[in-house]
Every structure is written in C-alpha cells, then in structure tokens.
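Written out below as structure tokens is the structure these notes cover.
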Protein chains: 4
Amino acid sequence: MTLRIGVIGTGAIGRDHARRINHVLGGAKIVALSDVNKASAEAVKKDIAPDAVIYDTGEALIAASDVDAVLVTSWGATHEQYVLAAIAAGKPCFCEKPLATTAEGARRIVDAEVEHGKRLVQVGFMRRYDSGYVALKQAVDTRIGAPIIVHAAHRNPAVPEQYVTPMAIHDTLIHEIDVFRWLLDDDYISARVLFPRSAARSHAKLKDPQIVILETARGTIINVEVFVNCHYGYDIQCEVVGEDGIARLPEPMAIQMRLGAKLQNDILTDWKDRFIASYDVELQDFIHAAAKGTASGPTSWDGYVAAITSDACVTAQEKEGQAVAINLPTRPALYN
Amino acid sequence: MTLRIGVIGTGAIGRDHARRINHVLGGAKIVALSDVNKASAEAVKKDIAPDAVIYDTGEALIAASDVDAVLVTSWGATHEQYVLAAIAAGKPCFCEKPLATTAEGARRIVDAEVEHGKRLVQVGFMRRYDSGYVALKQAVDTRIGAPIIVHAAHRNPAVPEQYVTPMAIHDTLIHEIDVFRWLLDDDYISARVLFPRSAARSHAKLKDPQIVILETARGTIINVEVFVNCHYGYDIQCEVVGEDGIARLPEPMAIQMRLGAKLQNDILTDWKDRFIASYDVELQDFIHAAAKGTASGPTSWDGYVAAITSDACVTAQEKEGQAVAINLPTRPALYN
Amino acid sequence: MTLRIGVIGTGAIGRDHARRINHVLGGAKIVALSDVNKASAEAVKKDIAPDAVIYDTGEALIAASDVDAVLVTSWGATHEQYVLAAIAAGKPCFCEKPLATTAEGARRIVDAEVEHGKRLVQVGFMRRYDSGYVALKQAVDTRIGAPIIVHAAHRNPAVPEQYVTPMAIHDTLIHEIDVFRWLLDDDYISARVLFPRSAARSHAKLKDPQIVILETARGTIINVEVFVNCHYGYDIQCEVVGEDGIARLPEPMAIQMRLGAKLQNDILTDWKDRFIASYDVELQDFIHAAAKGTASGPTSWDGYVAAITSDACVTAQEKEGQAVAINLPTRPALYN
Amino acid sequence: MTLRIGVIGTGAIGRDHARRINHVLGGAKIVALSDVNKASAEAVKKDIAPDAVIYDTGEALIAASDVDAVLVTSWGATHEQYVLAAIAAGKPCFCEKPLATTAEGARRIVDAEVEHGKRLVQVGFMRRYDSGYVALKQAVDTRIGAPIIVHAAHRNPAVPEQYVTPMAIHDTLIHEIDVFRWLLDDDYISARVLFPRSAARSHAKLKDPQIVILETARGTIINVEVFVNCHYGYDIQCEVVGEDGIARLPEPMAIQMRLGAKLQNDILTDWKDRFIASYDVELQDFIHAAAKGTASGPTSWDGYVAAITSDACVTAQEKEGQAVAINLPTRPALYN
C-alpha cells in the first residue's frame, strides 16, 4: 500500500520534502498540495507531483478523503492550526520546526493528541536521524559510562543583520535543545547564558558568540558554544564525558589531502550539506509509522519541551550569568 | 510510472535487492521472481514482494510482458545466459558480479549489446557509488593534479580454507580492478604480483598477503596490498599521489572514544557494513536509467575488461615478479 | 663559563632537576646540595653530583661564594624564605610551584625583587615551555584572529582520598591558571565554578568533575573541565576560538595502530610523560638567563597572580555558580 | 669528566654539531677544529668554540693528545681516510653519511675496526634516534606481530637540476635503507625499482617519482615511494603491516586549525625541521659511549651494508622492473 500524502506549504522545505517522497523514498506519494501562494503549489505539481490535487486551504487538504497523512511545512505561525486540524481528522502529521510559535500553542497540540489517545504527530527534529548522532547515542548508552558533562558547539559562518540575540536560541540552539534531551534521555532543570566579548564580525543587535549552559535532572552539565559568525565554516561539535571515557561526534566525511604544505580537508559551509541525509531518514520513518496510522520519532511533547526550554534560555540571555529554572509539567503517559 | 522489475536468483543478494527495491528505494517494484530453488523465490514473495509472480525459468521471467527490467542475481555461471536473453528482449538488466565467468563470455555480452545499439546492462560494481570513492574521484579530478601513483589495500579479517590464491584476484581484487579504471579514467597495460612470506594465519593453498602492481596506459603505477587474513578488521585503503598533492579515501565514519588509556574507534569487520549504502545508490541509478529504457553506471565493457585484467593478474601470480602484459581490444563506440 | 648551581630540596623533583643539569643540559653543573633530610642530599651527591658540597641549610647554600644560582625544590611551605634569601644575595633563583603558599607571601617576593630592581626569579610553570603550547601560542598570535573563547580540560586518571575539592584548584588548575594568562596575554577579572553530579569514582570530600569559568579583561571566556578521576588517562586539552578560526593543542605523539578491530593509539596515563621534555627546556632557559645574572620565563608576578586567582577560584567553589571578582593590583614596571 | 671533541669539517653540518655540543648537550666540549677552508674553522672558533685549537689537517687533529673523540663532517670523499685514522689512533669517531663513497671503502673501515677489536665508529644515521621511529620500532617489536609488509614514502618538495636519478638512492633512499634494517632487524636480499611516468615538475635527468621494492631475508617486502619533486611538502611516511595489525609512523606534531573552510595543519617543508631533534639525541648517545672509549648506534657494518644496498638499488634502476640480488658477506662477530 502506498501512503498518500498532502503537503501544506510548498516553499523551499515543502518542495524539497515533496521531491524526497516522490523521487527518493519508498512507500508514499504526494497526492495533495496547498499553499497561500497558489503559484508555488502549482510549480511543485508541475515539477514533482503531476498527479497531485491543489487545495485552496490546508484545512480542505486535510479533509480530503484520499489524503492519508499530512506534511506541515508552511510558515511557522500557521503550524499549530494545521497540526490541530490533522489531529482532529485523526491523520498522521509531520510538522516542521517549530511545532508552534509559543509554548502554550505547543501545549494545545499535546493536549489534543493526548485526548485523541494515540500518537499522530512527528516534529521535524532531524538531528535524531543523523548517522553521527545515532552512533554517538549508541556510544553514550553502551560504551563510556553514565554521562556527566557535554561540551558542544554550533557554529555558522555568518548570519544576516536581521538575526538578533534571541534568534541564537530559537533558530540555532533549538536543535541542540532537542537532541541533547534525546541523547542523554534526560530533562533540563536550568539554563544559564554567558557572553564573551562579541566577535568583530557580529552585528549591532547580536551578541555573538554566546555560551549556553544547561543542567539536567540527573546532574549532567551541558555547555554549548553558539557562534553564528564564526566565519570558517558550518561546524557542529559534541563531546560527551562519561564515567568511563569520552565519545565525540564524528567529523563529516571528507577527503584528506596533502596540498600546498597543508594536511587538510574541506569543512562544510552550508548546514544543508551536513544534515541533508537525515531528512531522508526522518521522512522514511514518518512514512513507515503513518502507514500504520501513527507517528514515531520526536513527539509533540518534545516540541512543547523545546519551546519551554527556549523561553528559559532567552530569559537567561536577559539575566546574563544567572541560572534560570526550567520547570516542566508532568509528562503525559502517551509520551513515555 | 513505476518500473516493474523481475529478479532472477533469490539467494542472499537477490533477496536483499528485492527488499531494497520494495521498501527503500523509490520508482520501482518487484513484479516477478525466479530461482532454481522455487522455495527460495516463494519465501521472497511471501516476505517482501507479495504481488510478484513466480516463474519457472529466468527466460520465462524475462519474456513476461509486465516485466520492464531484470535483475540477474543468480549463480555466477548462469549470468551470461540471462543477460544475453535480456538484451535479446531489449530490457534493461542489472547483473551482479561477475558479468560472465570467462572473458569470452563477457565479450559475447558486449557484442550483443553493441549489436543492439543501446546500453541495456549495468554491472554490479557498487564501489563506484560509495560516497568515499565518489569524493576521492572528485579530489583526483580537480584538486591534486594528474595522478602518478596509487597506494591501496584490501584487507579482510579472515577467509575459509577453500579460498585459494587465485581467488584473491577473482573474488577480492576484482573490486579494485574496476574501481581504479573508473577513478583514474585509464586502462591497464600490465600486471605484476609479489609475494612476501605468508602470514601465519593463512592456509596451505593460499599465499597471503600479496602485492599486486598494475600499470596504466598513462603511466600511473598502482600497488595494492591484498591481505585476506589480516585479522584486525575489514579495511579498504586508497591513496592517490598526484602532481600537486595527495588525496586519501576517508575512513568509515566512527565515534572516536577515549577509553581505557586508548584513543580509539571501531574498525569494521564485515564488508557489508562498509558498502551497504552504495547498494542503495547503485540500484536507484539503475531504476532511473531503466525507466528510460537504458542503463547507466558500470558497463558490459567494464565487466569484460575486468575479466581480462583478472586473468592477467592470475597469470602474474603464477609468474611471480614478472610483468604480464594486458592487451585490450578496441573499445566499441557505445562505451565512450 | 659553566653556571654553578645549588639545589635546595633533593626530593623527587630536586633530584630529577639535578640529573637534568648534570647529564642532559649544557652550560651548568651542580655544586651544592641541601635538604632537611641530609641522607637524601647525600644520595644525590653519590648518584648524580659527586663534586657537590652538602650544606646544612638552604641559607648557607645560598651564601656560598661558588654558588652562582639556586634551585628551590624543597617543601612548598619553605619556598618563600629561600627565594627571598636568594634575592637578598642577588642570585638567580628557579623556584618550583608554588612560589609561596599564600598570595601575601608571593607579594613579598614580588616586592623584594622589584626593590632589587632586576629579575632574579623564574617560577616553575613548565607548560609555557611545552612544544604543544608554544605552537598553540604561535597559532593564536598569528593565525586565528583575536581569541574569544577557550575550551579546555585537565583530566587525571585518579587521585587519592586525601585530594579534596580545593586541591582541584591549587594542585591541578594552577597550571591552566598560569598558562592561559601567557597564552592569551591577558588578565582574569572573574572566576565561576559549576559542579555537575560527581563521578562514581570520586571520593566523599571531592566534587569531581568541576567546570571552572574564567573571564579576562579583554572579554575572553575560558571554560576548563577539571576531572581528576576520569579513569581513562592523563589528558590535557585546549581549544582556542578566535575571530577567524580555531586552533587546538596537539595530542601527544603516538603510534596509530590497527589492531583487534580498533583504530587506536595509547593515551598517556602519567603527567610526567606529558611534560617531561618541557622541564629540560625550562631549565635550559633558566641556565641561559642565570649565566647573565638575571631570570627569564614565568616571573614572581606570574606566581603572585596565580596565587590570587587560585584563591578566587576556591571562593568560587564555595559560592557555586556565582561569579567571584578578581581584582589585581597594578603590575610593577619590572614585569612589563 | 668532559669529553674533548675535535671536529673535522666545519661546513653547515659540522658547525651545527659544534653548536649542539657546546650549547645544547651535556658532557662534552669542542677543543679542536679543522677544515680545508681555514676561515670556516676560524668562524666556528669565534662564534661557538673560542677555546678550540685549529689544526691544519684532520690527521693532526686526530693525533692531538687532548682530543678524546672525533667528529668527521667533512666532504664525503674524505670520510674514509679520517675514520681510518681515528681507528688507528683508537679514538671514538662519529662519521656523517656516507661512511665512505664506495662499498669497498666502507669495507676497509669495517676491517680496520674489527682488527682493532672494539667498536669506535658511529655512523650518522639519525633516524634511528627520531622519537617517531623509536616508538614505531617498539610497536613493531611488541604490538602488531611479526612484520610482513612495509609501505613507505620519502617525499621532498623539490630538488635542483643537478639531482639525477641515482641520487634518489644515494642521497634520499639511503635513510630508508638504514632505518628499515634497524626497524625490522633484518637484512635485504633483493632490490627492484619501478618507474611510473615522471612528474611534470621533474627534470630531464631525473625519473621522479620512483618505487623501490626491497625484499628481506625473512620475506618481508618493503615498498618505498621516493618522490623528490612532490611539491606539497617534506613528508616521511611508514606503515608496517604485521601478523596481528598495523602500526604507522606518527605525523610531526602540528596545531590543527579550522580556518577558511579547511580543517588543516601545516606540513613541514624542510627536512631539518623533521629530524633536527634526533641530531641532539644521536650526538648525546655518541658522547655517552665515547666517554667510555667506545661507540654506540649505527655501526661501520651498517654503513657498509647501506653502501652495498645502495649500489644494488642503482643497478635495479638501470634494470627497471627486475629484481637485483643483494648478497651480503658474513657479519663479523663485533657487530652482533
């Protein structure tokens, strides 16, 4: 049986997911498209999904009887309404980050899904599907003893002037916020932010780099350097110090060259090159679960906790150096 | 349009390719199966391809009107007849190694395809699809200047007693024989084999390790250590020395750990773990080309040249230390 | 001219320095020895320095007319008195860590040397002479742009039960405290300590690991993991994030092996193996300067600042998570 | 007791060894100098060894009663006569490469030393003192099982036009010829040379690169790439394949940087930077042995075998591809 998928939001990421489903992955096809910009949906139909029907609204697409599952890849502010509609229709739904633009919105989704009684939502935290993190998690779980400290870094070559200090949390650290909960199987209890002097390449409204320190319920301390104007490349680092030893995220595969008095390999400069393969794996996982009428991978609860944690980190930016408590509500049984 | 594929030979590799096509890749499905052991074909139908029809013979499968393309994954001695039948039927055909068990057999396939006038055959040299070799080829083509020397190694942890000296060529070096022609875009003109003392873990009928030295038409010298009882792991190494610098095949991705006074990472011990991902890429490439009625990737000519070169290497084993000439016929225009 | 050196304190480090001077380095010889345990001094005379005269007291040794320069390698509590006596005698003096057991004591040495008007004292911070740190400093000064963040770690396999929480500062972090001031050519303005849960291998009176965060006058933030029961080895790490890129302290030279399905190299387990070569370089530097009647390398002022900073870090341990200000007095011109 | 050394030949290497002895190492001093160019000897006296006496001839220097030991660092063609004179005088003698310019000359030295009945000569094969090779030898002896294959490379950035094909053996491979006998504790039985096409940067009278293949008495095969116009750096590689695993010579220590989309470290470009530290160790070893009236390290026999092997390799260049036998005379008991 081929899973019939409708895509709401056919911008860059929606278009790329449509291509992935129709041309790369097995078990699904795109049957429906919708976008506020109808021309965008028509272009995807023409180029990628000629058999798809175009709907005027996301709600109409969700309601269509031949749509088995939904991808929400529209503008962030609209995610909540479409995910809620998909839950109401009982259809599996893959939602790109963020699940909602506020913690309250994410909570409403959690509540709706809990009331529905079965998982339907997968949030697009693709790092959990990256082969490097998967291997790191295995090492953390089986080789190095219980984790005590995590040293990490999230570095981008440059960001535009519109990128302001809180975006280092909402747009950048958000990936670490989710992946470390999963990696450590633990929850955060506090956040703290330290600012060294800003880099000369930073902008007037951006303190960059910053060091975010998260503490978990089991007492692990995570320090993450977020440096979005690091200039030299896109570089994701993570080292976990455990009771018995240390495990480190692998560098991306690269050809080592001896050239011009340098032993060298290229560093990536575009985040897409780093994580592109994990999008395939995450969507294949969605297709497999949705074919059984449910969802797998990152949950609504994960999206909700990410929102709460992000808010605490932004508060911690404002209270530089002080620990800001993170108090999570009780986790519903659906997510255990 | 979904490409309808028939599989001739449902042993380990045939079964795995069927799974790949039905569950992992996009654009194709298994509609036909055949095996001398009918129970094997039935098991694949039951587990992987419930809609497939089982045929008594490969020829009947090839003739079936709803079979668009054929996978030949049967016993090596039968490859030639099925590939010739597929060409006769004008159907794209993926054939696992070897294309034929003799150079003459491979030549008959080349001749049939040339007469047909269009490429239909892809040979299963999957290393050309490995991301490491693809990156290495890019570095060789664009970064290090024209290649002059290649240092390589093909190491297996252990082989059984039935593995005798010539199998180091036919079963093991065969991969290097193909991949270096592609990597260097060059042809061989001679082969030479040197034997150091054999390892204590080797067997009575196997000289192991051995060093195979190939020379190309452009004057590049390739030395390959073949060591099939190296004990420590499955390890594929390749370093290309060019006019301006050196490029080296990446190590497989692994988590680096600091543990027990060792900075360490696991080395693979099973060849399947090393090249499993390249099988997906090679078959996807086959599906894309077959959907257009043709073939891509390694050609019948490549299979034929590999057979000629293997024969020369085995002669070189017998004439230890002497250079054995490799005289290739003119390449048909179809393969330029 | 051969520099005539007297050694006060012939325990392990004093004996080793005597061997170094008489058997490894050029330009100096041991002419005088003194130790509260006279048998220890006699053993060094017998084994290493047969021509040396043994003195009853350090003061008598310093006063001897044929002693050109002094090594103070006695028990830490006695350092101050001997260094002051050497300054009073106008003789160059190499003093092992700590310069004095209190900041006040170190200040008295600074004042005496300033009054003397010329440098006479070198403190035994040998990391400044380690070839790895020297190369790192060169990269920081010339390759990666101005430093913004330092990530570091100081890990020991294990410590005995007597090692309590403040010793992680006084005995362990003390090396980083000195070397980062030199590496960054900057001064500290605050210290902060964070404690994750302690490792199972730690002891009742030791919180281990800990994270020490130092801030410098120019706004660089340094975070150092101090983990003295890390079990897997003796491991010193340092990564400097600059405006243009990142430089990392090299791993100690080690043979990489492929063995037992591991790509591996040994990690050191003894700190002496890591820094033994730098002792040669530091003492050779002392000999060269002392031959000219002065001192080079780490100054009394450096020893004093290290003492002040250590005290602030211990306070920061007590005020977990809070920043403790480090207010340095004005640096005397002698040390510019 | 301070060893009194006379230096015959005060060109670049003689001058540097004089500096080493007077300023870096312990236990010796320069008391005598001699050079065909007297001004050169006087410059060394002035700059480095003010107390040295200058002699008109090497023979006069050797005969001087206050000269305990001799360094022969003169023009290669004169080595034999001075070493023979030192043996005749019963004085320990360090001789730079080559021991003699012909195998016959080296044999005369061996015979003279054997007749003298005690080792007096150390040949300047400094690689045996390099910390990397020392560590590699330890790994070969104790970790990876008996050696079977060695893969090696000796690469220089560039050579001048006067450097012709046989110099790749006499001036370049000579280091590998000695160090692999020591590393493997084995002797050569044949040599073979293969020439790929020459690099565009090579010269009319130089085939470059070349591959030299040596076979040992125990059946180990060594292949060495010699590439003296490799352009990218000075690079010495060595990998030993043993029964149980593989050990590799470490890369020289270097700071790894992330800079300009490259993960990179500098490669050396000058051979002196690679082996400078081993000169200190080799001369210190000479001083220690000479102080006892004998010699240590590489022997006259080693110098003689190197000469025989070099000659065989040059013959092998002329007989491209053919194995040239290396027949060594019986080793005198003095060298066991």
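Read the figures in this text as sums done on the coordinates, not as results from a lab. Owing to the predicted nature of the structure, the values given are computational and were not obtained by experimental measurement. Every residue, glycine as well, gets a Cβ built from its backbone with ideal geometry; the counts of neighbours run over all protein chains shown.
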Cα-centre dipole for the stretch D:206-314 with unit charges at Cβ (Lys and Arg positive, Asp and Glu negative), debye to 20 | 180
The farthest towards the positive end of the charge dipole of the stretch D:24-175, of the residues D:Ala168, D:Leu120, D:Val70, given +1 on Cβ of Lys and Arg and -1 on Cβ of Asp and Glu, is D:Ala168
For chain C, what's the relative contact order in percent, using C-alpha pairs closer than 8 Å and at least 6 residues apart?
-> 20
What net charge do the residues around D:Thr220 carry, taking every other residue with its C-beta under 10 Å from that of D:Thr220, with Lys and Arg at +1 and Asp and Glu at -1?
-> 0
Mind checking D:230-240 for the average number of partner chain beta-carbons within 10 Å of each residue's beta-carbon?
-> 5
Out of D:Asp68, D:Asp266, D:Asp178, any idea which swings most in a Gaussian network model of chain D, alpha carbons joined below 10 Å?
-> D:Asp266
Residues with amide H under 5 Å of B:Gln256's amide H, sequence separation 5 or more or different chain, H placed in the peptide plane at 1.01 Å from N; which?
-> A:Arg248
Taking only the alpha-carbon atoms of the stretch D:48-155, the convex hull volume per residue, in cubic angstrom, is 182
Rg(Cα) of the stretch A:195-285 divided by 2.2 N^0.38 Å?
-> 1.39
Calculated from DSSP H runs of 4 or more alone, at -39500 (n - 2.57) each and per residue, what is the 222 nm mean residue ellipticity of chain A, nearest 500?
-> -10000 deg cm²/dmol
Give me a single rounded figure for B:147-159: the average over its residues of other chain Cβ atoms within 10 Å of their Cβ.
-> 3
Please order A:Thr2, C:Thr330 by the number of other Cβ within 10 Å, starting at the fewest.
-> C:Thr330, A:Thr2
Counting other chain Cβ atoms within 10 Å of each Cβ in D:321-328 and taking the mean gives 2
Cross-link partners among aspartates and glutamates for B:Lys38, C-alpha distance below 18 Å, same-chain residues fewer than 8 apart left out?
-> B:Asp16, B:Asp47, B:Asp51, B:Asp56, B:Glu59
Lys, Arg +1 and Asp, Glu -1 on Cβ, resulting dipole of the protein assembly as shown about Cα centre, debye, nearest 20 = 0
Which residue of chain D is nearest the rotation axis onto chain A, counting by its Cβ, and what is the distance in whole Å?
-> D:Gln264, 2
In nm, spacing of pseudo-spin labels at B:Gln162 and B:Lys319 (7 Å Cα→C-beta vector) = 3.2
Averaging over all projection directions, find the projected area of the Cα convex hull of the protein assembly as shown and quote it in nm² with one decimal place.
-> 54.4
Cα Rg over Rh - chain B, Kirkwood | 0.98
Taking the reciprocal of mean 1/r across every pair of different Cα atoms in the stretch C:1-79, the Kirkwood radius in Å is 11.9
Low-density loop positions, chymotrypsin sites (Phe, Trp or Tyr not before Pro), the stretch A:110-169 - DSSP coil, at most 11 other Cβ in 10 Å = none
Backbone HN-Hα couplings from phi across the stretch D:319-336 [Karplus 6.51/-1.76/1.60, Hz, Gly and Pro as x] | 9, 2, x, 8, 7, 10, 5, 10, 10, 8, x, 5, 7, x, 4, 4, 9, 7
Tell me the distances, shortest first, between B:Thr269 and the same position across the other copies, using label points 7 Å along Cα→Cβ, in nm to one decimal.
-> 2.4, 4.3, 4.7
Listed residue (B:Ala204, B:Ala247, B:Val224) projecting farthest to the positive dipole end of the stretch B:165-295, Cβ model = B:Ala204
Proxy exposure order for C:Glu42, B:Glu176 (fewest C-beta within 10 Å first) is C:Glu42, B:Glu176
Radius, Kirkwood style, for the stretch C:1-45 when every pair of distinct Cα atoms is counted (Å) = 10.4
The stretch C:107-141: trypsin sites (Lys or Arg not before Pro) falling in loop per DSSP and having at most 14 other Cβ within 10 Å | C:Lys118
Can you list the chymotrypsin sites (Phe, Trp or Tyr not before Pro) in the stretch B:45-113 that are in a DSSP coil and have 16 or fewer other beta carbons within 10 angstrom?
-> B:Trp75
Under-5 Å amide H pairs with A:Ile189, H placed in peptide plane, nonlocal only | A:Glu215, A:Thr216, A:Ala217
Expected vector for the stretch B:294-303, Karplus 3J(HN,Hα) from phi with 6.51, -1.76, 1.60 and θ = phi - 60°, integer Hz, x for Gly and Pro, equals 9, 9, 9, x, x, 9, 4, 4, 4, x
Are any of the pairs B:Lys97/B:Lys262; A:Lys29/A:Lys118; B:Lys207/B:Lys262; A:Lys46/B:Lys137; C:Lys29/D:Lys292; A:Lys319/C:Lys207 more than 31 Å apart by Cα-Cα distance, and if so, which?
-> B:Lys97/B:Lys262; B:Lys207/B:Lys262; A:Lys46/B:Lys137
What whole number of Å gives the distance from the Cα centroid of the stretch A:73-88 to the Cα centroid of the stretch D:47-107?
-> 89
Quick one: Karplus J couplings for the stretch A:30-42, per residue in order, coefficients 6.51, -1.76, 1.60, θ = phi - 60°, nearest Hz, x for Gly and Pro?
-> 7, 10, 8, 9, 7, 7, 4, 9, 4, 4, 5, 5, 5
Among D:Thr315, D:Thr102, D:Thr142, residue whose mean-square fluctuation peaks in a GNM of chain D (springs only between Cα atoms under 10 Å) | D:Thr142
Run through the other copies and list how far each one's label point is from that of B:Pro332, in nm with one decimal, shortest first; the point sits 7 Å from Cα along Cα-Cβ.
-> 6.5, 7.1, 9.3
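Å³ per residue of the Cα convex hull, for the stretch A:211-336?
Cα convex hull per residue, to the nearest whole number: 190 Å³.
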Copy-to-copy label separations for C:Trp75, where each label sits 7 Å from Cα toward Cβ, in nm and ascending = 6.7, 7.7, 8.7
